[in-house]
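For reference, the structure discussed in these notes is given below.
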Amino acid sequence: MRDVLDQHCFRYSADAEPQLMCEEVALSTLAKEFGTPLYVYSKRQMIENFRSFDSTLKASGKEHYVSYAVKANSNIELLRVLAEEGSGADVVSAGELLVALAAGFPPEKITFDGTGKTDPEIELALKAAIHAFNVESLEELEVINNIAERLGLRAKVSIRVNPDVDAKSHPYISTGLKENKFGIDMHDAREAFVYASQHPALEVVGIHVHIGSQITSLDPFIKAARSTVKFVNSLRVKTGIVLEHLNFGGGQGIHYRNVVQHPMLPPDEYGDEGEYVPSLSEFVGAVLPILDQTGLKIIFEPGRAIVANACALLASVLYTKSNSLKNFVITDTGMTELIRPCLYEAYHQVAPLTLRAGDLMRKVDIVGPICETSDFLAQEREMPALKRGDQMAVLCAGAYGYTLASNYNLRPRAAEVLVDGDRYWIIRQREIIEDVAGLVDADRLRLKSLVG
Ligand SMILES: Cc1ncc(COP(=O)(O)O)c(C=O)c1O
């Protein structure tokens, strides 16, 4: 995705003490006004990411579309922006479905994924007349059929197949292997399509495949595309079932390293070209000609590629300490705000909000305040010296950042701010402890009398 990052909206100003900016706004201004931890999004970056995906597909001249994976980031203000751009929405829960509808996504562009849809969720999606359910088991087909029959409706279904392809991503975000819980084994999938076509309240409209996330080589995508196309063609010949669409899922990897660069920052160990991630045009150029052999409408469901690099998570240094082995920088931000480093050993670039000439470089572990050893944002990272009160940005935090945040240690979730040029506004308030802790009025009154 370097083609998108070339116009990256987070960059340092040309001041003597360079300031990290989001579009035209200094991040230090936002940290001062709203406090940290703080999620900051660039509207322009998100729109550019969506448009480059969409226009690359449109350039193929066929009827294809992008359906944003809401699980990556479900803030309704961000969803509104994508709905206005013409994106579809891929949802995995009643919550995501309701917020996508409220944000203005047309129901006919909403797909519903997930291995464990509940009966009320299925009923809700049927009543909303969504485009299709991406179905993951024979039993789920049966349940959807029965609920649709009871409601006097017909459910459009797309069957998720598992192509047994190794996405070569982190094991926890690989979904296309036999040992993963997702989809129906390719060998059993024909039976599932026939089974679905025999149910009166089901209309079989598509096939769905999604092999994982943060995939940084083309090979797994090509393998999955080839086996899906082979399957679709043999399904048509052997059963006469003709589909309308092929949903190829998401998973496109992005650059997490060297996102912002400055001579006063230490060089990344990988170097500028070291972290190979196929560009969007390489990805589309490799898979679309294969998928197009089916003649079906192709849907892509990117999440990360749309929102990840459009966001920085701001943190402040609380304390520093060293021992004979390590230098620790303890911040007010940790796994409760961004669990990806702890959960997936994910790398995020961390950059100071202000660069000062002459600051010495130091190898540090940047950790959070949570009572877990795995609570770190970066380990063994060369950084300009940081002291209490300094602030930093954890870059590319827009996907699977806020949506995976938690209240562990009874910490309120952070606020979120959207930047558009030189304007900015809160798109989600910081939570307050009284709400997070579920305090009733009597508790609040008692606390007031104790601490004011
Ligand atoms: C079915 C499905 N589609 C799309 C996505 C989005 O993936 P990504 O954010 O890697 O593009 C996911 C994420 O896990 C998914 O499970």
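The values are calculated or read from the model by the stated rules, or taken from the named source; none is laboratory data. Predicted model only: the values in this text are computed from it and were never measured. All Cβ positions, glycine included, derive from the backbone under ideal geometry; neighbour counts span all protein chains shown.
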Of the criteria (1) within 16 Å of the ligand (Cβ to nearest atom); (2) free of Cβ contacts under 8 Å to residues at least 60 places away in the same chain, which one Gly253 fails | (2)
Criterion (farther than 11 Å from Val329 by Cα, surrounded by fewer than 20 Cβ atoms within 10 Å (Cβ to Cβ) and modelled with pLDDT of 95 or more) met by exactly one of Leu395, Leu404 | Leu404
So which of Ala315, Ala310 is small (Gly, Ala, Ser), in contact with a strand residue (DSSP E or B) (Cβ under 9 Å, 6 or more places away or on another chain), within 16 Å of the ligand (Cβ to nearest atom) and at pLDDT 95 or above?
-> Ala310
In the stretch 302-347, anything touching a helix residue (DSSP H, G or I) at 6+ places or on another chain (Cβ under 9 Å), surrounded by fewer than 18 Cβ atoms within 10 Å (Cβ to Cβ) and among the hydroxyl-bearing types (Ser, Thr, Tyr) is listed as Tyr344, Tyr347
Matching residues in the stretch 74-128 - criterion: being within 13 Å of the ligand (Cβ to nearest atom), over 18 Å from the mean Cα position of the chain (by Cα) and closer than 15 Å to Glu301 by Cα = none
Residue check: is Ile299 surrounded by 17 or more Cβ atoms within 10 Å (Cβ to Cβ), within 26 Å of the chain's Cα centre (by Cα), modelled with pLDDT of 95 or more and not acidic (Asp, Glu)?
-> yes
Could you figure out which of (1) surrounded by fewer than 17 Cβ atoms within 10 Å (Cβ to Cβ); (2) touching a Ser or Thr at 6+ places or on another chain (Cβ under 8 Å) isn't true of Lys178?
-> (2)
Determine whether the stretch 228-237 contains at least one residue that is outside any loop (DSSP other than H, G, I, E, B) and closer than 30 Å to Ala31 by Cβ.
-> no
So is Ala155 more than 30 Å from Gly398 (Cα to Cα) and more than 19 Å from the chain's Cα centre (by Cα) or not?
-> yes
